[in-house]
Amino acid sequence: MKNRKFLSALLLALCAALCLMAGTANAQTEDTTSPKPDARQAETKEDETNLETQLYLIVGTNQDVADAKLPSALDPILRELRASLPFKNYRLAATLINRVKNEGRLDLSWIGGPLTVAAGPASANNPSFSNFNVRQVRLARGNNGQPMVQMQGFNFGARVPIQVAATTAANGGPFPINYERTGVATDISMREGEPVIVGTLNIGPSGDAIILVVSAKRTTK
């Protein structure tokens, strides 16, 4: 009888010990797998990050331009252009500033004046139609840990008026023009806040070119 009582007590003690160990293991598992409050807050803050993108349309031309001064932020770009492209002058045709959520998309279209300087009298009175979109803008880290911005599905397109004849129509009407398409599509990455040249597009028989420059950085507000 004593042996039976002893064995029963021993079994009960072993069961209690096993239950206690199982409960401790579960608590530890829940502890390590559940995100801490600070981690959740960091994730929420990252999700709310916004980026300011700047797209510059620079026209390279061998014609004289009224205002050849570019923003000081583009000084490194201008030095690079003068060293690699054979244009006498550069002018800023447009600057587009937009705000986009981290890992968000950007899509815009606009109507502007003729992008080329020597478009001819006909083209001077006709607008150009442009569109700019990015499938995804996201923050990333370079190999050295430096902040980077990636633009997946970068796409710029424009329809520009081109004069197709040097004389007026036979009835004295306006100069005939055609609208020609031009554009570029690519995936790019850049250092945060540093403008980069995306591409160069020739426009019209004048030999002028559109140079696309883009930059992106986190907003402070």
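The values are calculated or read from the model by the stated rules, or taken from the named source; none is laboratory data. The shown structure was predicted, so the numbers you read here are calculated from the model rather than taken from an experiment. FYI the Cβ positions are ideal-geometry reconstructions off the backbone, even for glycines, and counts take in every protein chain you see.
ALA216: modelled with pLDDT of 85 or more and of a type in the set (Gly, Ala, Ser), yes or no? It would help to see each step written out before you state the result.
Working: modelled with pLDDT of 85 or more: yes; of a type in the set (Gly, Ala, Ser): yes.
It is true that ALA216 is modelled with pLDDT of 85 or more and of a type in the set (Gly, Ala, Ser).
Run ASN125 past the list (1) farther than 28 Å from PRO176 by Cα; (2) modelled with pLDDT under 85; (3) out of contact with any strand residue (DSSP E or B) (no Cβ under 7 Å at 6 or more places or on another chain) and report the number of the one that doesn't hold.
With (1) farther than 28 Å from PRO176 by Cα; (2) modelled with pLDDT under 85; (3) out of contact with any strand residue (DSSP E or B) (no Cβ under 7 Å at 6 or more places or on another chain) applied to ASN125, the lone miss is (1).
For the range 131-163, name all the residues that are charged (D, E, K, R) and more than 26 Å from PRO114 (Cα to Cα). Before you say what the answer is, go through the steps one by one.
Taking the range 131-163 first, the residues charged (D, E, K, R) are 135, 138, 141, 159.
Within the range 131-163, ARG135, ARG138, ARG141 qualify.
Taking THR53 as the residue in question, decide whether it is at pLDDT 70 or above and within 18 Å of GLU192 (Cβ to Cβ).
Details: at pLDDT 70 or above: yes; within 18 Å of GLU192 (Cβ to Cβ): yes.
So THR53 passes the test.
Which ones in the range 69-88 are of a type in the set (Lys, Arg) and in contact with a strand residue (DSSP E or B) (Cβ under 9 Å, 6 or more places away or on another chain)?
Initial filter on the range 69-88 (of a type in the set (Lys, Arg)): 69, 79, 82, 88.
Passing the criteria: LYS69, ARG82, LYS88.
Considering only residues that are surrounded by fewer than 13 Cβ atoms within 10 Å (Cβ to Cβ) and under 15 Å from GLU52 (Cβ atoms), which ones fall in the range 72-118?
If the condition is that a residue be surrounded by fewer than 13 Cβ atoms within 10 Å (Cβ to Cβ) and under 15 Å from GLU52 (Cβ atoms), then ILE97, ARG99, LEU108 are the ones that fit.
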